[in-house]
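Accompanying notes for the structure given below.
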Amino acid sequence: MPQLRESGNDGASQGPQEDLEQDGFARIFGIETEYGVSVTGADKPCDAATVAMAMFRPVVTRSRSTNTYLPNGARLYLDVGSHPEYATAEARDPHTALAQDLAGEQVMRQLALDAQQRLRPAYGEGATVHLFKNNVDSAGHSFGCHENYLVRRFVSLRDVERELLPFLITRQVFSGAGRLSGRGLVISQRADYLDESISSATTRARPMVNTRDEPHADPERYRRLHVIIGDSNRSQYAGLMKLATTHLVLCVIEQAARLGVESGFECCALQDPSSANRAISRDVRCGGTPLKLADPGGFTRARAEYGATGPAAAGGSSTDGGSATVDALGMQRYYAAVVARFLERYGAQVHEAMPRLDIDMVMHEWARLLDCLAAGDFAALDNQVDWIAKQTLFEALRRRHPAAAEARFAQLDLDYHDVANGTVYDSLVRHGAMRTIISADEAREAMTRPPQDTRAALRGAFVAKALQRDVRFSCDWTRLTLGSSGQDAERAEAVMLDPFETQASEDYRRLMQQLEA
Amino acid sequence: MPQQFQRNQSQQSDAAQSDEAQDAPMAQQSSKQADQSDALDSILDDIESTLESNAEEYVGSFVQKGGQ
C-alpha cells in the first residue's frame, strides 16, 4: 500500500545545514474541504450535478470559470464528482486556519441557499438543498477534508511516513467526526473507505498522506504535506486540536531532521496502518484494541524512557510478561510525552514562531482528552468531540423514540453535517451542548478578510480590487494575473513564491497600480 | 487562543478536590447529567420537524455520483 507519493526528490540525501537560517518552527496551514450536496422535497429528481451547477452559476457568471479566488484569499471551485470545494488561504496558526474554514462554510451556505431559490421554480417550492460538510455519501462515495502543512524540505518522506502516520491514525479518537455505518457508529468518516480503496486492486490506492511535489513555495526549501486521512469536523474544538497537535508533532520531526538525531517516533511504526486505522475507528468504547507495531521492543524501551507508560487501569497501555501492548490512547499518550519533552527545550522557540498558539493549553487539553477517553468519561467530551456528540444524540433519540427506524439515525447523522439547512448542529450549539471557539462575527469577518500575516493578504487585496473594478483576473497559489491571454497587451503578472511574505513586490505594486488606473 | 479553551473540566476536578466540597463530585456529576438531559430534550424538541420528514428519502437522495 503506498502511503506516500511524490514525483520528485525524496529529500533524504539533502543535508539540513543550508536551512538552519529558516524560521525555526513557523508553519503555513491550509484546509481543503469538499462538500456533498443533495435535494429533498423536490417535485422531480434533482441530482448532485444540477445542484452544484446551480450553486456555481454566480461564480461562472463572474469568473467565466468554476475555479476562482475570493477576497479573503481562499480558493473556491467545483471539484470532480460535483463537489463544491473551498481551500482556505494560507494561515500561520491553527486558529486563523479554523476561522478561514468556517468562513468557507458561510460562503458555501450562501451559495447553497441562493441555488435553492433558483431551483424552486423548476423543482417545486419544497425543494430543499442540503450541503454536507462530511466525507461519505449514502452510497459509500468518499470525499475529503485535506489538511496542508508546510514542512521543511530536509524532512524526508520516509521520516514523515514512519513517524507521523501512527499519530494521524490514532488522533481520530478526538478528531473523528463519527459515522453511522452498517455495523453502528464508527469513529472515523474515512477509515473504512481508505481501507476499502486500498484493498481493491482495480481502484487507485488512496493514500493517507501525500507529499505531492507542489509546495506552492520555494521547492528548494519546503514541501507541502498533504494529509488525506482526516475527517471534516463540525466541532471547532476538534478541528483546532487536530491542527495544533499535528503541528507540534511536526515540530519534533523537523527538529530531529535538522539536527540529524532521532525524533523518538521511529519506534511507532505500525505493521499495517490501514487495518489499524479501521480497527481504531470501530472501537467506540476506546476499549484498548492493541496495535501491531513494527518494532514492539523498540517502542517498549522508548516508552519507558519517556515515562509514558501509565498504569493499565488508566487505559492506553499494559505490560504482559514483559511484552508491552499499546492501543490508540497509549500511542497518543506516547506522542504527547515526546512532544512535552521536546517543549521543555524548544517551547520558547515554538511559541515565538507562532505566538497565537497557546501551547500550554493545547498540551493540557490533549492530556485531558486522553484521560477522559481512558476513563470512559464520554459525557465530559460530548460537547467537543464530533463522534461522541453524535453518540449522545443517538442515545437520547432512542430513549425518546424507542421505535425510531435506522434511517432516522442515518438522517440525523447527515443532518449534523448540513451547513445549509441542517438543524442538529445549530441546536446543539444553541443549547450549550457543543462548544464553539470562533464567534459568528469572526467567521463572518473572515469571509472578506484574508489572514494578514501571509501572502494571502496580498492575494485577497488584489482579488477584492479586481472584482470591484470588474476586471478579468486569474490566480493560483503563487501567481496573480491580470488580463486573459498571452496576447493581451494589458496582461501583467506577479509571482509570490514565499507564503510568509506580506510585503508587496515591484510586480505586485505595478499590478495594483494597473487596477487603480 | 487563550480564551477559547475553557478549562471547565479541570475547574470541576479542582473543586471536587477541595476540603469543603466532599460531596461535590457526586452533586456536580448529577447536576451536569441533569443539565445535559435538559439540553438533549430541548434539542430533540428543536429537531422534531426533521424527525417528521421522510428519513428514507433524505438519506437516499444523498448520492454524489450516480451509476457506479
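See the values below:
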quantity: Top-ranked residue in region A:80-91 [being over 12 Å from the mean Cα position of the chain (by Cα) and more than 13 Å from chain B (Cβ to nearest Cβ); ranked as nearest to B:Gln64 (Cα to Cα)]; calculated: A:Ala89
quantity: Of all residues making up region A:116-143, the number that are within 18 Å of the chain's Cα centre (by Cα) and of a type in the set (Ser, Thr, Tyr); calculated: 1
quantity: Residue in region A:421-441 that is acidic (Asp, Glu) and either closer than 30 Å to A:Tyr508 by Cα or in contact (Cβ under 8 Å) with a residue 12 or more places away in the chain (or both) present; calculated: no
quantity: Hey, A:Val326 in contact with a Leu (Cβ under 7 Å, 6 or more places away or on another chain) and either at pLDDT below 95 or of a type in the set (Val, Ile, Thr) (or both) or not; calculated: yes
quantity: Filter pass, A:Arg120 being under 28 Å from A:Pro215 (Cα atoms) and at pLDDT 95 or above; calculated: no
quantity: Qualifying residue in region A:370-380 (condition: closer than 30 Å to A:Gly126 by Cα, crowded, with 23+ Cβ neighbours inside 10 Å and either facing chain B (nearest Cβ under 10 Å) or touching a residue at least 12 places away in the same chain (Cβ under 8 Å) (or both)); calculated: no
quantity: Subset of region B:32-63 that is among the acidic types (Asp, Glu) and either assigned to a loop (DSSP other than H, G, I, E, B) or within 7 Å of another protein chain (Cβ to nearest Cβ) (or both) - its residue that is surrounded by the most Cβ atoms within 10 Å (Cβ to Cβ); calculated: B:Asp46
quantity: Test: residue in region A:400-417 that is surrounded by fewer than 19 Cβ atoms within 10 Å (Cβ to Cβ), at the interface with chain B (Cβ under 8 Å from one of its Cβ atoms) and over 23 Å from B:Ala55 (Cα atoms); calculated: no
quantity: Residue within region A:266-283 that is of a type outside the set (A, V, I, L, M), surrounded by fewer than 23 Cβ atoms within 10 Å (Cβ to Cβ), assigned to a loop (DSSP other than H, G, I, E, B) and at pLDDT 95 or above present; calculated: yes
quantity: Residue within region A:472-479 that is touching a strand residue (DSSP E or B) at 6+ places or on another chain (Cβ under 9 Å), of a type in the set (Val, Ile, Thr) and over 26 Å from A:Ala112 (Cβ atoms) present; calculated: yes
quantity: Residues of region A:381-399 satisfying the condition of being more than 8 Å from chain B (Cβ to nearest Cβ) and not acidic (Asp, Glu); calculated: A:Leu381, A:Asn383, A:Gln384, A:Val385, A:Trp387, A:Ile388, A:Ala389, A:Lys390, A:Gln391, A:Phe394, A:Arg398, A:Arg399
quantity: Counted residues, region A:33-67 - those being more than 11 Å from every other protein chain (Cβ to nearest Cβ), buried (at least 21 other Cβ atoms within 10 Å of the Cβ) and either closer than 17 Å to A:Cys475 by Cβ or among the aromatic types (Phe, Trp, Tyr) (or both); calculated: 1
quantity: Residue count for region A:475-484, restricted to those that are closer than 16 Å to A:Arg62 by Cα and either without any contact (Cβ under 8 Å) to a residue 12 or more places away in the chain or surrounded by fewer than 17 Cβ atoms within 10 Å (Cβ to Cβ) (or both); calculated: 2
quantity: Filter pass, A:Glu90 being closer than 21 Å to A:Leu243 by Cα, of a type in the set (Asp, Glu) and outside the structural domain of A:Tyr425 (by TED's automatic domain parsing); calculated: yes
quantity: Any chance A:Ala348 is hydrophobic (A, V, I, L, M, F, W, C), at pLDDT 95 or above and exposed (fewer than 15 other Cβ atoms within 10 Å of the Cβ); calculated: yes
quantity: Where a residue in region A:219-242 is within 14 Å of another protein chain (Cβ to nearest Cβ) and in contact (Cβ under 8 Å) with a residue 24 or more places away in the chain and its partner, wherever it lies, is charged (D, E, K, R) and surrounded by fewer than 24 Cβ atoms within 10 Å (Cβ to Cβ), with Cβ under 7 Å and at least six apart; calculated: A:Tyr237/A:Arg435; A:Met241/A:Glu365
quantity: Exclusive hit being at pLDDT 90 or above and either among the aliphatic types (A, V, I, L, M) or in contact with a Leu (Cβ under 7 Å, 6 or more places away or on another chain) (or both), set A:Val252, A:Val160; calculated: A:Val252
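Every residue, every condition in (1) more than 22 Å from A:Ala217 (Cβ to Cβ); (2) out of contact with any Asp or Glu (no Cβ under 8 Å at 6 or more places or on another chain), yes or no:
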| site | (1), (2) |
| --- | --- |
| A:Ser142 | yes, yes |
| A:Asn148 | no, no |
| A:Val155 | no, no |
| A:Asp159 | no, yes |
| A:Val173 | yes, yes |
| A:Arg190 | yes, no |
| A:Tyr193 | yes, yes |
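Residue-wise test of (1) under 26 Å from B:Val59 (Cβ atoms); (2) surrounded by fewer than 23 Cβ atoms within 10 Å (Cβ to Cβ); (3) away from chain B (no Cβ under 14 Å); (4) of a type outside the set (A, V, I, L, M, F, W, C).
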site: A:Pro94; (1), (2), (3), (4): no, no, no, yes
site: A:Val107; (1), (2), (3), (4): no, yes, yes, no
site: A:Asp114; (1), (2), (3), (4): yes, yes, yes, yes
site: A:Gln117; (1), (2), (3), (4): yes, yes, yes, yes
site: A:Ala139; (1), (2), (3), (4): yes, yes, no, no
site: A:Arg153; (1), (2), (3), (4): no, yes, yes, yes
site: A:Ser156; (1), (2), (3), (4): no, yes, yes, yes
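The values are calculated or read from the model by the stated rules, or taken from the named source; none is laboratory data. Fair warning: this is a prediction, and the values are worked out from it, not measured in the lab. Using ideal geometry, Cβ is built from the backbone for each residue, glycine included, and neighbour counts are taken over all protein chains shown.
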